[in-house]
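Input: a single structure, listed below in structure tokens.
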Amino acid sequence: MNCVICGSPAVIYKNMCVSCAAESIRLKAPGKIEVSVCRKCGSIRTGKRWIRSDVERAMTDYILSLIKLNDESFELSLNGMEKANDILHLNLQASLNGITVKHFSLDIPIREKMESCTLCDRKSGSYYEAILQLRFEDNHNIEPYEGIIRELSSIRSEDPDDFISKIVRSEAGFDIYAGTRRLVEKMIKFLSDTYAGSRKVSKKLAGKDEGHDLYRYTYLFRIFNYKLGTIMSVDNRTCCLVRIGSGSMTVEQEDGYRENISIPELSRRGFKIIQSHPEIRRCQIVSRDNDIATVMDMDSFATFEIKDRSGSNEILISRWKDNDFVIG
Ligand SMILES: [Zn+2]
Ligand SMILES: [Zn+2]
């Protein structure tokens, strides 16, 4: 069959050759394009959604959604776009079954409306989903903890919702307000892996979003300052901190069983401080009978027996209720 218009033998569409088919294609384009751009982060809004990543791709899709061909059997694609003086220069092409039929170049006035996107609004409005309350067992000097705040602030993710909206310092410690609960959980993970501390989570109803309850979460992390003799509970068993290593500690249970526990493990095993300012007694060894030492409290001069394998002449004892723990 030959082209019904020019008689050429190569027919590709509706009995027409490539050039005659191309002649029949028209572009339908709007008189101008309007797009909202966030003045702070450069996100664009096409329709209702703000697009933050792959903005160029989003812009291409948006433009192609505005420009149509009179015959939708042809496929329209955007080969290039350039903006100069509020005019968008577009290079487009129409193709049929992968064969390019026609090129178009088109100039459309573009108006960029400078706005602030929802995310930047949230950040500047101190939006938060969760708070990390960082507290210190011994907080008369929180200066050294500025370093911890720096480390926490450097925890990032790919997701732009994971932002810190503000950090408030108070007498008690620091409150870090974060855009997502997920970010605070990452911070808690870092803290539990690095520091011995106790944690607590609470949530509060903050409103409703499309019928769903919206909660705000408060994570409390209390960093414990190592002090020998501290009475704590690990796995709900009372024990005493008798030795401090690097990244780990040795605790002794009431039955005398000693165990070395790493810091992350300590957090996992739900450790709690029972007495952070233990009563520490300095005692002198009076005599020894195998593991049993008779000691004298150097303040009260009281003598008593205790199990001790240290072999030294003087020992420190942390007393809790009826139990004595030998430190060291
Ligand atoms: Zn023809
Ligand atoms: Zn923005």
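The values are calculated or read from the model by the stated rules, or taken from the named source; none is laboratory data. Keep in mind the model is a prediction, meaning the values are calculated, not measured. Cβ: placed from backbone, ideal geometry, glycine included. Neighbour counts: every protein chain shown.
When segment 88-128 is examined, which residues are found to be β-branched (Val, Ile, Thr) and within 18 Å of residue 61 (Cα to Cα)?
Passing the criteria: 108, 110.
For segment 1-13, enumerate the residues that are more than 9 Å from ligand 1 (Cβ to nearest atom) and in contact with a helix residue (DSSP H, G or I) (Cβ under 7 Å, 6 or more places away or on another chain).
12, 13
Could you please give the count of residues in segment 160-205 that are loosely packed, with under 15 Cβ neighbours inside 10 Å, in a helix (DSSP H, G or I) and of a type in the set (Val, Ile, Thr)?
Within segment 160-205, residues that are loosely packed, with under 15 Cβ neighbours inside 10 Å, in a helix (DSSP H, G or I) and of a type in the set (Val, Ile, Thr) number 0.
Looking at this structure, is residue 228 at pLDDT below 90 and in a loop (DSSP other than H, G, I, E, B)?
So residue 228 passes the test.
So which residues in segment 27-61 are on the phi > 0 side of the Ramachandran plot and either touching a Lys or Arg at 6+ places or on another chain (Cβ under 9 Å) or within 16 Å of ligand 1 (Cβ to nearest atom) (or both)?
Scanning segment 27-61 gives a single hit, 42.
Where the second residue is assigned to a strand (DSSP E or B) and within 16 Å of ligand 2 (Cβ to nearest atom) and the first is more than 15 Å from residue 74 (Cα to Cα) and lies in segment 2-28, which pairs have Cβ atoms under 9 Å and are six or more apart or on separate chains?
Cβ pairs passing all conditions: none.
Counting only residues that are of a type in the set (Ser, Thr, Tyr) and exposed (fewer than 14 other Cβ atoms within 10 Å of the Cβ), which one in segment 236-291 is farthest from residue 327 (Cα to Cα)?
Checked segment 236-291; the qualifying residue farthest from residue 327 (Cα to Cα) is 287.
Only one of (1) exposed (fewer than 15 other Cβ atoms within 10 Å of the Cβ); (2) within 16 Å of ligand 2 (Cβ to nearest atom); (3) not in a loop (DSSP other than H, G, I, E, B) is not met by residue 82, so which one is it?
Failed condition: (2).
Are any of the residues in segment 13-30 more than 16 Å from ligand 2 (Cβ to nearest atom), modelled with pLDDT of 85 or more, of a type in the set (S, T, N, Q) and exposed (fewer than 14 other Cβ atoms within 10 Å of the Cβ)?
Yes: segment 13-30 contains one or more residues that are more than 16 Å from ligand 2 (Cβ to nearest atom), modelled with pLDDT of 85 or more, of a type in the set (S, T, N, Q) and exposed (fewer than 14 other Cβ atoms within 10 Å of the Cβ).
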